[in-house]
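Undergrad: Here it is, the structure in full.
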Amino acid sequence: MPASMAMTSWMGSDFTIDDLVKEPFLARDYTIATSFEGQRGGVAVYEYTLTPKPDAAVVWGKIVLQFRQADSVSTWQGYYSEDGKLARELTFSEYKTKSGKVIPTRLVMQSADKAGAHTTIDYEDIAFDVPIFAGLANSV
């Protein structure tokens, strides 16, 4: 897939293809600095600001990530344009324990320029540490 398609909408949603495949490369492409430690909305959080490394081929001017201090689970992510304006935000909620892991089961992506428009992903069921080909072996 050409890089120009990375920011296209995923299945007509507010999520992009880049959102789904790029996250593992954040540490490679961005410099990470702690920007806040304390209470937000009654929850103790850590906040990190990611700024692009000079040679990184990235879309965002910066990304801000916020995690709960108690369990390091995501609460919020902000994606900022090169001029420092918030372009979109991803909010995490509805925390549940699934397969022994605490995860947010509701993700809401909202673009700053589309008032009221958003895409919500709700995980109803999820399993971890399942062999990828387990289901295929039984169907052959």
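Undergrad: Condition test on residue 131, is it of a type outside the set (A, V, I, L, M) and surrounded by 17 or more Cβ atoms within 10 Å (Cβ to Cβ)?
TA: no
Undergrad: Ok, one more. Consider the range 41-51. How many of its residues are at pLDDT below 95 and either among the basic types (Lys, Arg) or surrounded by 16 or more Cβ atoms within 10 Å (Cβ to Cβ) (or both)?
TA: The qualifying residues number 0.
Undergrad: Still on this structure, I have one more. Which number in (1) of a type in the set (Gly, Ala, Ser); (2) modelled with pLDDT of 95 or more; (3) over 14 Å from the mean Cα position of the chain (by Cα) marks the one condition that residue 3 misses?
TA: (2)
Undergrad: Across the range 37-69, what is the number of residues that are over 22 Å from residue 109 (Cα atoms) and in a strand (DSSP E or B)?
TA: Adding up the residues that qualify gives 4.
Undergrad: Does residue 101 qualify as being at pLDDT 95 or above, under 25 Å from residue 119 (Cα atoms), surrounded by fewer than 14 Cβ atoms within 10 Å (Cβ to Cβ) and over 14 Å from the mean Cα position of the chain (by Cα)?
TA: no
The values are calculated or read from the model by the stated rules, or taken from the named source; none is laboratory data. From a predicted model like this one, the values you see are computed outputs, not experimental measurements. With ideal geometry, Cβ positions are generated from the backbone for all residues, glycine too; neighbour counts draw on all protein chains shown.
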